[in-house]
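Each remark here refers to the structure printed beneath this line.
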Amino acid sequence: MPELQNPGLERVRYELRATGVKHPTVNPQRSGVHSRGYLPHVKREGADYFVTFRLADSLTKDVLLRFEAEKAQRLRAFYNAKGNGRVVSDNEERINRDFLRKVERYLDAGAGACHLRRPDIAELVAGAVKFFNEQVTFCGSGL
């Protein structure tokens, strides 16, 4: 009797790869969970992706440096309190999460010139993205 095909099998294979379970035939450069210390990225062979554009003036260097200084101040206070045996309610994870949330809130506020709100520029960017649709490139992977 022929084996029945499981229509959900491919989805499960992708889930296993995305959760870090290694499969011997999977190229780790093309699938899996990767992080460069900021946001984790899930790469799946054959998957569709979205692209986020951020213009340089949407988060200026002085604003980012101010946020980083506030984060550093909280981290110093946390380590000093912890080193002196005091009970602390903060932790590194919360401080880092708060920093990232602050950056995201600032970006969501729409600072800067917001050039992508202009229909002509948005159309130009959309055209560039569509032009490269279905083309696969692996930057920095040597493939």
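A few comments on the model shown:
- The residue that is least open to solvent (accessible area, probe 1.4 Å), among those in the stretch 84-119 that are farther than 24 Å from GLU68 by Cβ and in a helix (DSSP H, G or I), is LEU116.
- Just so you know, in the stretch 47-83 the residues that are touching a residue at least 24 places away in the same chain (Cβ under 8 Å) and in a loop (DSSP other than H, G, I, E, B) include one that is surrounded by the fewest Cβ atoms within 10 Å (Cβ to Cβ), and it is VAL51.
- Of all residues in the stretch 104-129, those that are in contact (Cβ under 8 Å) with a residue 40 or more places away in the chain have Cβ atoms under 6 Å from Cβ atoms of residues that are surrounded by 12 or more Cβ atoms within 10 Å (Cβ to Cβ) and in a helix (DSSP H, G or I), 6 or more apart or on another chain, in LEU107/SER58; ALA111/SER58; GLY112/SER58; HIS115/ILE121; LEU116/ALA122.
- Of all residues in the stretch 120-140 being open to solvent by less than 80 Å² (accessible area, probe 1.4 Å) and among the β-branched types (Val, Ile, Thr), the one that is modelled with the highest pLDDT: ILE121
The values are calculated or read from the model by the stated rules, or taken from the named source; none is laboratory data. Being a predicted model, the structure only gives us computed values, none of them experimental. Cβ sites come from the backbone with ideal geometry, for glycine too, and all protein chains shown count toward neighbours. Side chains included, ligands, DNA and RNA excluded: accessible areas come from the protein's heavy atoms. Shrake-Rupley method; radii C 1.70, N 1.55, O 1.52, S 1.80 Å.
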